[in-house]
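> Once you've had a glance at the structure underneath, I'll fire off some questions.
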Amino acid sequence: MSAVGERSRRHLLAPVVIAVTLAATFGISHVSRSSHASMLSAPVAAPAAGGESASRLTRVTLARAALRHQQLALRDGSRAGYLKTWDLRSAAARRRASSVYANLQSLGTVVSRMRYLTATPTASAAAVPLHTQRGAWSADVALRWRLRGYAAREARAVVTVTFVRRRGAAYIADMTSSTGHRVPVWLLRHLDVRHSRRTLAAALSPGQANRLHRLLVVATSDLDRVIPHWHGKLVAFEPASASAFEAMVAGSPGAYDGIAAVTSTVDGSTRPRAPVAVFVNPANFDPLSQVGAHVVITHEATHVATGAATARLPLWVAEGFADYVGVGSVDIPLTVSAAAVVRDLRRHRVPAALPSNSAFATTGFRLEVAYEQAWLACRLIAERYGRARLVDFYFQVVAKSGGVADAVRTQLGTSLPHLTQQWRRSLRTLARAG
């Protein structure tokens, strides 16, 4: 796992900002195309008498046909064709089908591949009417998808699909996240989506979507001022609850308590140029002040813009630079933005070295100190050597996967020990002024 840390800034009412990458890879193969006009049922070889394996093969064949027709309907933009692949006799399935299709369309989702993996012996009773449960089963389905216009590469996912068999055909009764895998955003409840040329925000209510989208638009302006050569796009999702947030990032219950936002690849992979998004935890993000929410989103947007989600670099560089952009985008006195460091310096000596990665693995006040120390280091570089040099230094570290000493020498014309001494002197000055 490659992590980009977390933070608690009480003075900004921003409990935590975090960017993480969780590995989850799997193979997916191509799904062949067929005429959308053909029937949902597929030719099935006559099973051997009493053969359980033949019955299983029939299920697999019918399920693959249903998935193939669903993918073709999505390719053609046919709502009617898509709904026909679902078990329309079930009111719950009809609602689920309409919601998923609406999300796919509003997000501009392209589903390129769907592959039947392994079946489980029973289906979800809640998803299937009582009179059809005997003919129902569940299976994991691997797929690839992307947001048209916002991601050049595809995300991968595994979802659990419940099928029912009726009159020689299989129909979909439900589609949910698969255990241990990230839930694709379009499988959430009905989404409100906001688009601009460079931003996409999706949330469960119009108010949340509007707020998140405004913050993304502001973040692009913040980034343009610091990284003028970046012309990328930002995507952010806000689910309905902390548990839904954990499902989106494949986190265990409670693992993200106190976390406001996460920057990660959409599917948890570490592939270079994999699609990346900001995932918002409503339990901690919604109560933030406008200033706090601004800092959080711009901080996370910086991780998106600089490829931090899949890069291997020291956390003081990643988090310090993200805070340089995020905290620097709002008007906050140094006595507030560096308050934790000042309190710490009054109790302890000036640290001998820049924050190690382990300093970001803690919680509470010590974590807050680590973030502020990292931010003050990047702020010092910008003040002493210029913002452009800071940006060049940061991107050289990203490109070389952690070559900090080389980047300091190449971009700043000094040594890492000398930079550390400058930083320590600036902390002493700050402590006296504080």
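The values are calculated or read from the model by the stated rules, or taken from the named source; none is laboratory data. Everything quoted here is computed from the prediction, not taken from an experiment. Because the Cβ atoms are built from the backbone with ideal geometry, glycine has one as well, and the counts that use them run over all protein chains shown. Ligands, DNA and RNA are stripped out before the accessible areas are found, and what is left, the full protein with its side chains, is counted by its heavy atoms. Shrake-Rupley method; radii C 1.70, N 1.55, O 1.52, S 1.80 Å.
For every residue, the table says whether it meets (1) under 24 Å from residue 245 (Cβ atoms); (2) out of contact with any Gly (no Cβ under 9 Å at 6 or more places or on another chain).
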| residue | (1), (2) |
| --- | --- |
| 168 | no, yes |
| 172 | no, yes |
| 182 | yes, no |
| 189 | yes, yes |
| 203 | yes, yes |
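> I'd like the residue in the stretch 185-200 that is in contact with a Leu (Cβ under 8 Å, 6 or more places away or on another chain) and within 17 Å of residue 110 (Cα to Cα) and, out of all such residues, is surrounded by the fewest Cβ atoms within 10 Å (Cβ to Cβ).
Restricting to residues being in contact with a Leu (Cβ under 8 Å, 6 or more places away or on another chain) and within 17 Å of residue 110 (Cα to Cα), the top hit is 193.
> Please work out which residue is modelled with the highest pLDDT, limiting yourself to the stretch 331-352 and to residues that are assigned to a loop (DSSP other than H, G, I, E, B) and surrounded by fewer than 13 Cβ atoms within 10 Å (Cβ to Cβ). Break it down stepwise before answering.
Here is the first cut: in the stretch 331-352, the residues assigned to a loop (DSSP other than H, G, I, E, B) are 331-333, 338, 348-352.
Then keep just the ones that are surrounded by fewer than 13 Cβ atoms within 10 Å (Cβ to Cβ); that gives 331, 333, 348-349, 352.
Details: 331: 92, 333: 90, 348: 90, 349: 92, 352: 95.
Only one residue fits best here, namely 352.
> While we're on this one: Surrounded by fewer than 19 Cβ atoms within 10 Å (Cβ to Cβ), of a type in the set (S, T, N, Q) and either touching a strand residue (DSSP E or B) at 6+ places or on another chain (Cβ under 6 Å) or at pLDDT below 95 (or both), is that true of residue 133?
Yes.
> Hey, does the stretch 57-70 have a residue that's open to solvent by 60 Å² or more (accessible area, probe 1.4 Å), more than 30 Å from residue 256 (Cβ to Cβ) and modelled with pLDDT under 95?
Going through the stretch 57-70, the residues open to solvent by 60 Å² or more (accessible area, probe 1.4 Å) turn out to be 57, 59, 64.
Now narrow it down to the ones that are more than 30 Å from residue 256 (Cβ to Cβ): 57, 59, 64.
Going one step further and asking which of them are modelled with pLDDT under 95, we end up with 57, 59.
Yes: one or more hits.
> Tally up the residues in the stretch 375-386 that are surrounded by fewer than 16 Cβ atoms within 10 Å (Cβ to Cβ) and either in contact with a helix residue (DSSP H, G or I) (Cβ under 9 Å, 6 or more places away or on another chain) or more than 16 Å from residue 324 (Cα to Cα) (or both), please. Explain how you work it out, then say what you get.
In the first step, residues of the stretch 375-386 are kept if they are surrounded by fewer than 16 Cβ atoms within 10 Å (Cβ to Cβ); the result is 383-384, 386.
Those still in the list that are either in contact with a helix residue (DSSP H, G or I) (Cβ under 9 Å, 6 or more places away or on another chain) or more than 16 Å from residue 324 (Cα to Cα) (or both) too: 383-384.
Summing the residues that are surrounded by fewer than 16 Cβ atoms within 10 Å (Cβ to Cβ) and either in contact with a helix residue (DSSP H, G or I) (Cβ under 9 Å, 6 or more places away or on another chain) or more than 16 Å from residue 324 (Cα to Cα) (or both) in the stretch 375-386 gives 2.
> Continuing with the same structure: Inspect all residues belonging to the stretch 73-89 and state whether any of them is under 22 Å from residue 157 (Cα atoms), in a helix (DSSP H, G or I), out of contact with any strand residue (DSSP E or B) (no Cβ under 7 Å at 6 or more places or on another chain) and open to solvent by less than 20 Å² (accessible area, probe 1.4 Å).
If we filter the stretch 73-89 for residues that are under 22 Å from residue 157 (Cα atoms), which is where we start, we get 73-77, 82-83, 85-86.
From what is left, the residues that are in a helix (DSSP H, G or I) are 73-76, 82-83.
From what is left, the residues that are out of contact with any strand residue (DSSP E or B) (no Cβ under 7 Å at 6 or more places or on another chain) are 73, 75-76, 82-83.
With the extra rule that they be open to solvent by less than 20 Å² (accessible area, probe 1.4 Å), the set shrinks to 73, 82.
Yes, the stretch 73-89 has at least one match.
> Related question: I need every pair where a residue in the stretch 218-246 that is of a type in the set (S, T, N, Q) has its Cβ under 6 Å from the Cβ of a residue that is open to solvent by 10 Å² or more (accessible area, probe 1.4 Å), sequence separation at least 6 or different chains.
Matching pairs, first to second residue: 220/198.
> From the list 240, 250, exactly one residue is under 30 Å from residue 395 (Cβ atoms), aliphatic (A, V, I, L, M) and not in a helix (DSSP H, G or I). Which is it? Step through it out loud before you land on a result.
Values: 240 fails: under 30 Å from residue 395 (Cβ atoms).
From the options 240, 250, the qualifying one is 250.
> Tell me yes or no: at least one residue of the stretch 269-279 is open to solvent by less than 10 Å² (accessible area, probe 1.4 Å), in contact (Cβ under 8 Å) with a residue 24 or more places away in the chain, touching a Phe, Trp or Tyr at 6+ places or on another chain (Cβ under 7 Å) and assigned to a helix (DSSP H, G or I).
Scanning the stretch 269-279 turns up no residue that is open to solvent by less than 10 Å² (accessible area, probe 1.4 Å), in contact (Cβ under 8 Å) with a residue 24 or more places away in the chain, touching a Phe, Trp or Tyr at 6+ places or on another chain (Cβ under 7 Å) and assigned to a helix (DSSP H, G or I).
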